[in-house]
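A quick write-up on the structure given underneath.
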Amino acid sequence: MIEDDVLIGHSREDGAIQPLEDHLRGVARIAAEFGRRFSAAGWAAAAGILHDDGKALPEFQTRIRKLMEDKPAARVDHSSPGARYVADNISHPPGAGKLLSYCIAGHHAGLPDGRSGDDESSLSRRLSRAKSGPGILRSELPTIEIPPFLTSKPDNQRVGFQAAFFTRMIFSALVDADFLDTEAFVDPERGEKRRPYRSLTDLRTELDRFLHQLGATASETEINLRRAEILSQARRAAIEPPGLRSLTVPTGGGKTLSSLAFAMDHAVTYGMERVIYVIPYTSIIEQTADVFRRIFGDHAVLEHHSNVIRDHDHDDEEREERRRLAAENWDAPIIVTTNVQFFESFFGNRTSKVRRLHNVANSVVVLDEAQMLPVPFLKPTLEVIKELALTYHSTVVLCTATQPALQDNESFAGGLTDVREIVEAPQVLESAFRRVEAQQLGDIPDDDLALRLAQEPQVLCIVNTRGHARNLYQKLGTLIGDAYHLSALMCPMHRRAVLKEIRDQLQQGLPCRVVSTQLVEAGVDVDFPVVYRAVTGIDSIVQAAGRCNREGRLQCGRLYVFRPDGGLPPGHFRQNAQVADLVLRNHPDVMSSEAVREYFRELYWTKDQGQGLDEERILQLFRDGTTTGDFPFKTIARKYRLIADDQVSIIVPYDTHAARECERLRHTRYPGAILRGLQPYTVGLRPRAVTALIRNFYVEEIQEDVFVMTEFGMQNAYEQKIGLNPTEPDFYRPENLIT
């Protein structure tokens with residue numbers, strides 16, 4: 001029997017209760033630990049003490065007691081009372097009450113917009129109708145510090161962004177603390193599985209051992225000596241203070257291991273808690289994560305992206321559960337994730353995305369293939385990079401073979417400042433690792449191009465669209481009978497199998513002719529003597545060269561740049577190619593660092609003239625809220641999308657496991673876990689293309705917004721050589737097939 005005067009925070013199925021005061025103090029304690037990383041323990045503790053202030057209301061206590069008796073009970077808003085209290089009563093530092101009110105009001109539903117004329121969930125609407133809670137622990141509110149971004153002279157152009165960023169970090173600390181404290185009571189068995197990981201200091205010992213063995217067995221070639229020197233320079237640079245760094249290493253220079261060694265040494269030297277690798281493509285993530293697991297073991301490395309394959313081996317259920325737990329809040333020493341997961345979290349408003357952000361503070365963040373930062377969102381993305389380095393005790397490394405011109409200068413206002421290069425004289429390295437000669441061929445019809453490809457025993461041809469890849473592959477097939485095709489019209493599991501076969505052919509010296517979209521460019525470990533590349537931006541051309549003579553087995557590989565049949569598709573492909581044409585008039589060597597730098601300068605300047613580096617005007621939305629603190633968190637989360645919302649995922653039952661899981665999907669009421677496990681079996685399409693597939697019975701909607709290829713579709717519209725290849729003409733409209 002529970003006493004009437006006991007305030008209940010949570011209850012369990014066995015009838016046990018967690019007193020509300022215990023929950024509030026527990027959340028405040030955990031949140032303060034998280035907030036201490038960025039000098040905001042008082043802010044986070046205050047949010048914890050007041051986040052469930054409304055649970056002390058009589059109507060909420062009535063609700064929870066009814067639910068414990070399995071009786072229906074009306075919903076009670078328990079978040080708004082605490083939000084209203086801080087907004088009305090906390091005035092020091094100025095604006096603190098408003099920023100805290102976002103966190104408390106949104107700790108279940110997500111950060112709201114500050115003010116919206118027709119949105120009842122906006123903060124202003126919620127505060128206006130909020131009841132005043134009894135405030136059982138208000139006397140325990142801590143002192144709230146001056147926010148760290150105001151401890152130096154504020155930049156009026158950035159202070160709105162900084163305040164909103166800081167709010168998200170406090171929100172992250174609160175949400176994660178709330179989840180963890182609640183879990184420890186409601187599901188203690190699950191909570192106990194969150195055991196501490198090995199420290200970075202211990203893991204660095206494993207790295208030292210691995211690098212020593214690698215060096216001891218490497219032959220003393222010029223390339224290996226260069227790689228060893230790059231690694232040595234990276235480790236020496238690790239003792240320099242935290243901040244913005246760049247690591248410019250040519251393809252084949254050991255960039256992954258050198259950046260890892262820098263990150264581990266730097267993190268240990270400055271007491272940082274984790275190393276986070278941010279990578280544009282899942283294909284590169286899988287390779288990088290595999291390397292890291294070989295060095296550190298499975299338990300230290302969290303691979304977090306949409307296509308990660310869950311472990312279906314029952315013997316490894318505990319490892320898989322720890323991986324799922326770490327993915328919730330990135331509580332692992334080494335994280336490997338995507339640009340989408342990382343940057344969308346910093347502009348998101350939902351608890352599931354923002355929960356992990358406080359664990360990015362006090363970390364080394366390596367942005368691999370930094371030239372792939374999203375151009376339409378480049379300026380807001382750079383603000384995240386700046387803020388992590390300036391305010392949150394993080395070091396951010398821009399890591400690439402083709403360093404983009406991200407520095408603040410006369411042609412790119414608002415870029416990065418004080419970026420220090422890790423290796424000495426990267427331009428010297430460029431010539432030392434030059435293993436490819438490039439030649440521009442001009443216009444080439446597809447028939448002539450297919451003939452040229454057929455005459456090469458081993459060749460890779462990279463084009464700009466899925467449709468072009470399909471057509472060229474089919475022309476090549478009529479000439480030689482056998483070739484390989486890679487595009488995003490093949491599900492990831494299918495591509496992985498084809499890539500394995502391609503690598504086997506190359507290693508055995510057997511004929512291997514491949515037509516691919518640009519998904520093969522960045523970081524995919526293949527090595528061809530000859531590469532053809534449809535004209536595009538210079539950065540992509542250099543990336544294509546990285547698939548040519550990669551291991552230096554030839555004196556010189558050959559790269560041919562051509563203008564494809566029918567010209568270039570509209571949009572960024574055409575604009576990037578036009579900028580490249582302009583640059584190459586002054587820098588005919590497409591592989592030179594001068595050409596790459598000039599290309600990015602021209603591209604960013606051209607884009608910036610039409611606001612093309614912040615297409616959704618996100619930074620202006622932050623500036624508009626600076627004076628009043630009315631930040632449109634919900635709106636910005638909707639606008640900052642690195643992958644277009646109009647992409648629809650089609651599940652391809654490519655193997656028996658996928659077919660079995662698709663059958664389970666038909667009969668489950670809770671498809672979330674199954675859908676996550678099927679991500680490596682999906683193909684993303686425009687809605688009109690999906691409609692064309694449904695019309696011909698190739699695809700079926702088995703649940704709301706869950707689309708699966710039918711058995712008829714697998715037999716008639718999905719080929720083992722090419723992936724999706726239906727006869728429906730509407731499917732091949734050009735706008736539906738740009739990769």
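The values are calculated or read from the model by the stated rules, or taken from the named source; none is laboratory data. No experiment lies behind these values; they were computed from the predicted model shown. In this analysis, Cβ positions are derived from the backbone assuming ideal geometry, glycine residues included, and neighbour counts consider all displayed protein chains.
Structure data summary
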| read-out | value |
| --- | --- |
| Only one of ILE643, ILE650 that is hydrophobic (A, V, I, L, M, F, W, C) and touching a Ser or Thr at 6+ places or on another chain (Cβ under 7 Å) | ILE650 |
| Test result for PRO250, in contact with a His (Cβ under 7 Å, 6 or more places away or on another chain) and not in a helix (DSSP H, G or I) | no |
| Residue check, LEU519 within 24 Å of MET591 (Cβ to Cβ) and either part of a helix (DSSP H, G or I) or without any contact (Cβ under 8 Å) to a residue 60 or more places away in the chain (or both) | yes |
| Verdict on SER540 being under 24 Å from GLU598 (Cβ atoms) and of a type outside the set (A, V, I, L, M) | yes |
| Residues of the range 580-616 classified as without any contact (Cβ under 8 Å) to a residue 12 or more places away in the chain and either within 27 Å of the chain's Cα centre (by Cα) or within 17 Å of GLN403 (Cα to Cα) (or both), total | 4 |
| Top-ranked residue of the range 270-291 - restricted to ones that are at pLDDT below 85 and part of a helix (DSSP H, G or I), ranked as surrounded by the fewest Cβ atoms within 10 Å (Cβ to Cβ) | GLN287 |
| Among residues of the range 651-708, those that are under 22 Å from the mean Cα position of the chain (by Cα), assigned to a helix (DSSP H, G or I) and polar (S, T, N, Q), counted | 1 |
| Matching residues, the range 450-502, being part of a loop (DSSP other than H, G, I, E, B) and either of a type in the set (Ser, Thr, Tyr) or on the phi < 0 side of the Ramachandran plot (or both) | GLN455, GLU456, PRO457, VAL463, ASN464, ASP482, ALA483, SER487, ALA488, LEU489, MET490, CYS491 |
| Flag for ARG585 being in the same structural domain as ARG466 (by TED's automatic domain parsing), more than 21 Å from GLY477 (Cβ to Cβ) and in contact with a Gly (Cβ under 8 Å, 6 or more places away or on another chain) | no |
| Subset tally (residues that are in a helix (DSSP H, G or I) and surrounded by 16 or more Cβ atoms within 10 Å (Cβ to Cβ)) for the range 83-123 | 16 |
| Residue that is touching a residue at least 12 places away in the same chain (Cβ under 8 Å) and closer than 20 Å to LEU24 by Cα, where the choices are GLY114, GLY160, GLY106, GLY95 | GLY106 |
| Test: residue in the range 570-592 that is closer than 24 Å to SER487 by Cα and β-branched (Val, Ile, Thr) | no |
| Close pairs (7 angstrom Cβ cut-off, 6 or more residues apart or separate chains): in the same structural domain as VAL396 (by TED's automatic domain parsing) and surrounded by fewer than 19 Cβ atoms within 10 Å (Cβ to Cβ) in the range 219-241, of a type in the set (Phe, Trp, Tyr) and assigned to a helix (DSSP H, G or I) anywhere | ARG235/PHE262 |
| Subset tally (residues that are of a type in the set (Lys, Arg), under 28 Å from ALA544 (Cβ atoms) and at pLDDT 95 or above) for the range 208-264 | 1 |
| Filter result (under 39 Å from the mean Cα position of the chain (by Cα) and either in a loop (DSSP other than H, G, I, E, B) or polar (S, T, N, Q) (or both)) within the range 23-73 | SER39, ALA40, HIS51, ASP52 |
| Selected residue (criterion: surrounded by the most Cβ atoms within 10 Å (Cβ to Cβ)) from residues of the range 634-650 that are over 19 Å from the mean Cα position of the chain (by Cα) and part of a helix (DSSP H, G or I) | LYS634 |
| Sole exception among (1) in contact with a helix residue (DSSP H, G or I) (Cβ under 8 Å, 6 or more places away or on another chain); (2) free of Cβ contacts under 8 Å to residues at least 24 places away in the same chain for GLN455, by number | (1) |
| Failed item in (1) over 23 Å from ASP53 (Cβ atoms); (2) surrounded by 15 or more Cβ atoms within 10 Å (Cβ to Cβ); (3) among the basic types (Lys, Arg), with ARG168 passing the rest | (1) |
| Candidate set: the range 651-679, residues that are aliphatic (A, V, I, L, M) and in contact (Cβ under 8 Å) with a residue 60 or more places away in the chain; chosen: the one nearest to GLU719 (Cα to Cα) | VAL652 |
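Rundown of residues vs (1) assigned to a loop (DSSP other than H, G, I, E, B); (2) of a type in the set (A, V, I, L, M); (3) buried (at least 19 other Cβ atoms within 10 Å of the Cβ); (4) under 29 Å from the mean Cα position of the chain (by Cα), yes/no style:
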| site | (1), (2), (3), (4) |
| --- | --- |
| VAL526 | yes, yes, yes, yes |
| ILE541 | no, yes, yes, yes |
| ALA544 | no, yes, yes, yes |
| LEU554 | yes, yes, no, no |
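Quick grid of which residues meet (1) of a type in the set (Asp, Glu); (2) assigned by TED's automatic domain parsing to the domain that holds VAL360; (3) in contact (Cβ under 8 Å) with a residue 24 or more places away in the chain:
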position	(1), (2), (3)
ASP22	yes, no, no
GLY26	no, no, yes
ILE30	no, no, yes
ARG37	no, no, yes
ALA41	no, no, yes
ALA47	no, no, yes
ASP53	yes, no, yes
MET68	no, no, yes
ASP77	yes, no, yes
